[in-house]
Structures are given as C-alpha cells and as structure tokens.
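S.K.: This is the structure I have questions about; it appears just below.
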Amino acid sequence: MIHHGSIEQFLTRVADRSVLPDIAALARTVRVKAGCEVPLAPLGATLVYIANGAAKLVARAAADREQVAAFNFAGDLVTVPGAGPHAYILIALGDSELVVLPYAALRETVRGDAAVLARLLDNCDSALGRCREKALMLGRKTASERMAGFLLAMAGRIGVPHDGAVLLDLPMSRRDIGDGIGLTIETVSRQFSLLRDDHLIATEGRSKVILLDLPELEARAGHLQIPV
C-alpha cells in the first residue's frame, strides 16, 4: 500500500523540482513494526527516507555477529549498501514509516538535476561526518568519553529543550547503544550510573535521559574547546 503523504514529505525534503514526479514513481512507502527488518531489495543499494520513527543500520560481520553501524531518525536519509563483504540490514527501533527507493535508479533519474544532487550530497556529507566521529570514538576514546560523546551526538539530533536542560527520548536499547559505541551492556549501564552520580544526567525509565550539564559532558567526551 502506498502512503502518498510520506512520499510527498520525502520529496519536499529533497527539493521542489520538475524531476520529482520521476522520483515519486520509483518510491514505495512501508510501515514497519518495532524490532522488524525493513524490506529492501536483496542486491542493489537502497536509499531510505525515515518519515516517522527511527531505525538502526546493522552490519552482519559474520554468521553470528552483528554491529550497529548507525542510528537514524525521522527526517534522515539512509543509504543501505547492497551486496558486498558484509550484509547490511535496517531494523525499525519503533513503529516506523519509511520511503524506499532503489539507489542506482534514483541516481540515474536525478543525474542532470543539480539541486537534487546537492541535497543528496549534503546528506552524504553529514553521514560521513558522523562516521568519522565514530571511527575516532572507537579507535581512541575511553568508555567514559564514548558514552558522553554518544549522548551529545543524540542531543544534536533528537534533543529537546527541557527546563534549561536537554531531553532525549532514546528509541534504542542499552544493548544497541553498546553495539554502536563498542561497549558491553554492563559497561553502558555503569557509565549511565556514573553520569547520574556526577549529576551530569538524570534518567526517567529506560528511554528518557535529561542532559543537565552540556559543557561538562563535552569535557567528559574529550571535545576540543576551539575559540570562535
């Protein structure tokens, strides 16, 4: 079933151009329950727009091992690689609505439209920036730095002002967080406890985290204080 509202939302996100009807013809909208895999083409790369909800991009590193490569939220464009050394899947973190397009066909359709290409390139640039930060985090940072850096990254993407602080409603589990930043679930839980004890965060239930002291979290994350 095609949900045209989601496709129109995606097209507005990309650009208001004459080529958009051709893009719409390639698109299909899917609704996926929490914890379920998003149905994608088995071979070619796919571009996915998250209209509502959230998802995790998972790399299957071996038959019995998986790695969370990225978390994505409403409004994000996600490129899911096709066949290669590792298999990639997209799993909904909550009930989600997504627009799915075959990447190769989309690229061919928009190759002459600079405005659409610029939007897609901006999306790639943002994703690449997050990948660089994650590579640095996994390669050089301590558990404390990783946890603080993760929370700050989430604040920049899904944070909401809350009585002078920042409220996060995290759709992923503690295990997902650990898989994403290279820590065990026990270490993730311990880091949350340490941050609470230091009054840098407060928590409500399993999903809500209130960031109480952003400057101190930035220092804890090892962020450089660059003068402007």
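S.K.: Going through D163, D122, D198 one at a time, which residue ends up being assigned by TED's automatic domain parsing to the domain that holds A69 and either at pLDDT below 95 or touching a helix residue (DSSP H, G or I) at 6+ places or on another chain (Cβ under 9 Å) (or both)?
M.R.: Exactly one residue qualifies, and that residue is D122.
S.K.: If a residue must be over 14 Å from the mean Cα position of the chain (by Cα) and surrounded by 19 or more Cβ atoms within 10 Å (Cβ to Cβ), how many such residues does the range 146-167 contain?
M.R.: Adding up the residues that qualify gives 5.
S.K.: If you scan the range 93-115, which residues turn out to be surrounded by fewer than 18 Cβ atoms within 10 Å (Cβ to Cβ) and in contact with a helix residue (DSSP H, G or I) (Cβ under 6 Å, 6 or more places away or on another chain)?
M.R.: Residue satisfying the conditions is A105 alone.
S.K.: How about the range 191-213: which of its residues are farther than 20 Å from R157 by Cβ and charged (D, E, K, R)?
M.R.: R196, D197, D198
S.K.: Being modelled with pLDDT of 95 or more and not acidic (D, E) narrows it down to one of L151, L138, so name that one.
M.R.: L151
The values are calculated or read from the model by the stated rules, or taken from the named source; none is laboratory data. Note that this is a predicted model, so its numbers are computed, not measured. We place every Cβ from the backbone using ideal geometry, glycine too, and count neighbours over all the protein chains shown.
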